[in-house]
Every structure is written in structure tokens, then in C-alpha cells.
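The values are calculated or read from the model by the stated rules, or taken from the named source; none is laboratory data. These numbers were taken from a predicted model, which means no experiment stands behind them. Quick reminder, even Gly has a Cβ in these numbers, built from the backbone with ideal geometry, and neighbours come from all protein chains shown.
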Amino acid sequence: MSFIEANNLEVAFQVYGVDGRSLKKVTLGLFTGGALGVDSNHRVTIKALDDVSFSCKPGDRVGIVGHNGSGKTTLLKALAGIYAPTGGSLRINGTVASMLSITLGMEADATGMENIHLRGALMGYTKKQISSLADEIIEFSDLGSYIYMPMRTYSSGMMMRLAFGISTSVTADILLMDEWMSVGDEQFTEKAEKRLALFIDRAKILVIASHNHGLIGSLCNKVIHLEHGKIKNADPL
């Protein structure tokens, strides 16, 4: 069964170039970021996440809300495996699809077809899976013969259509999103919205961070409110 279990999760970063003995002079991040602290060697650290505990099961649609610097993106990156916990524990069972950086791994000098394979491999697809999905991705992205051209010849809209098509081409157990995605040209938007809605519907668990409380209310059955890296409250909607 798919699940997420975070227990007293902590993600901390060391701040270089600042002496802990002069911490009282440091104000950056005190009101918008994580908690500043000093370790035993007088090194300044920022706890981007501090004592965060929650769990998700199939059917959960979890909204992450909070001010800029509250830890929303850090939490998503921890769930995606980009940031390793520095304290507590994080257990995840199930395949994870991250929509945090859909162009990650794509190369400007590689063709669209080559980028399907590059991005697909980074997402953990096998060569067989990538090959079976390629035709559908090409059709969805509307690139035509440009699929065999280097990506540096693409407009930004063309590049995003291809990246979005690859990222939404398979079913994942757990889907991570940082804000709702708006992709490509105006005439492509409706097509992309339908695909994204289907992609979300197929996921067993959704975790989305957003400043749009209307979106959170329409999508989610749970909300986690972060403040300075800590959970202020976590309630069902």
C-alpha cells in the first residue's frame, strides 16, 4: 500500500560565512525563513523543517500552505528525495512523480526524441517503457518533425509541452506538485489542463504546495499549514 510517514522530520542547512558568535547581528530569515540556530562548533544552521510529523494514505489529497520561506518547497523536495532528512524519519512507499522541475535532465543540444529518453531515464523508466510511451508523448506535444531537431531550436512553449508530456506520461502512486501548472501556448492550455487533471486523478496520493487557497480547497481533503519550518496546524478540509 502507498503511504507517506514523516516523524519529527528535520531538514537543516549550514550557513557558511557567518560566525555563530555574531548570530545576534543576523536578521535575514528570522521572520520569513526557518529557525536560525548554532551548533556546538559555533556554525550557523537554518532548520528549514523542524519537528514535522504527518502521514498520508491512498485517497489523500494534501495541500501545503504557508508564507514564502515557510518550508513548503523544502518539504516537497524532502518527499522527492532531493533533500535528505537531518533528523527524524521519513518513510515513503510507492512510486513518486515530482512535478517540481519538469525539464530536469533535458539537454538543449539533444533532439526532442533524445530528450524523451534522457528525461525518462532520470524519472526511472526502463528503455522498454520509454519506447512504448514515445509515440503518445510526441502526439500530445504537437511537435511534429521538430521532435528530431535539437531542443535549442524550440520556443519556450514547445520545450514546456515536451517536458510536460514526458512528466505526465505514466501513472505514479504519489504525485508532488509546487503550485498548479500552466503549460505552453493558449490553444494548448485546455489540452494540458485535461491531461493534468487525469494525471492527478490516477495518483493514489497528491501533495501540492500553493498560495491559492481556493485551489487547495477544491483539490484537497487535508491541509498542512507551515510556519517557519514547523507545522502550525494540520486539519482535514
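Would you point out the residue of region 197-206, among those that are within 11 Å of Leu219 (Cβ to Cβ) and under 16 Å from the mean Cα position of the chain (by Cα), that is surrounded by the most Cβ atoms within 10 Å (Cβ to Cβ)? Top of the filtered list is Leu206.
Out of Ser156, Ser210, Ser218, I need the residue that is among the polar types (S, T, N, Q) and closer than 18 Å to Ile116 by Cα. Which one?
On the way: Ser210 fails: closer than 18 Å to Ile116 by Cα; Ser218 fails: closer than 18 Å to Ile116 by Cα.
Just one listed residue meets the conditions, Ser156.
Tell me which residues, restricted to region 65-106, are touching a helix residue (DSSP H, G or I) at 6+ places or on another chain (Cβ under 8 Å), part of a loop (DSSP other than H, G, I, E, B) and not aliphatic (A, V, I, L, M). Hits for region 65-106 are Gly66, Tyr83, Pro85, Thr103, Gly105.
In region 154-172, what count of residues is obtained for those that are of a type in the set (S, T, N, Q) and closer than 15 Å to Ser182 by Cβ? Break it down stepwise before answering.
First, pick out the residues of region 154-172 that are of a type in the set (S, T, N, Q): 155-156, 167-169, 171.
Next, only the ones that are closer than 15 Å to Ser182 by Cβ stay: 156, 167-168.
Result for region 154-172: 3.
Note on region 42-64: among residues that are at negative phi and touching a helix residue (DSSP H, G or I) at 6+ places or on another chain (Cβ under 8 Å), the one that is modelled with the lowest pLDDT is Arg43. The residue list Ile137, Ile130, Ile147 contains one member that is assigned to a helix (DSSP H, G or I), at pLDDT below 95 and of a type in the set (Val, Ile, Thr), which is Ile130. Taking each residue of region 207-220 that is assigned to a loop (DSSP other than H, G, I, E, B) and looking for partners that are of a type in the set (A, V, I, L, M) with beta-carbon atoms closer than 8 Å, six or more apart or interchain, yields Ser210/Ile64; Ser210/Val65; Ser210/Ile216; His211/Val65; Cys220/Val62; Cys220/Leu206; Cys220/Ile208; Cys220/Leu237.
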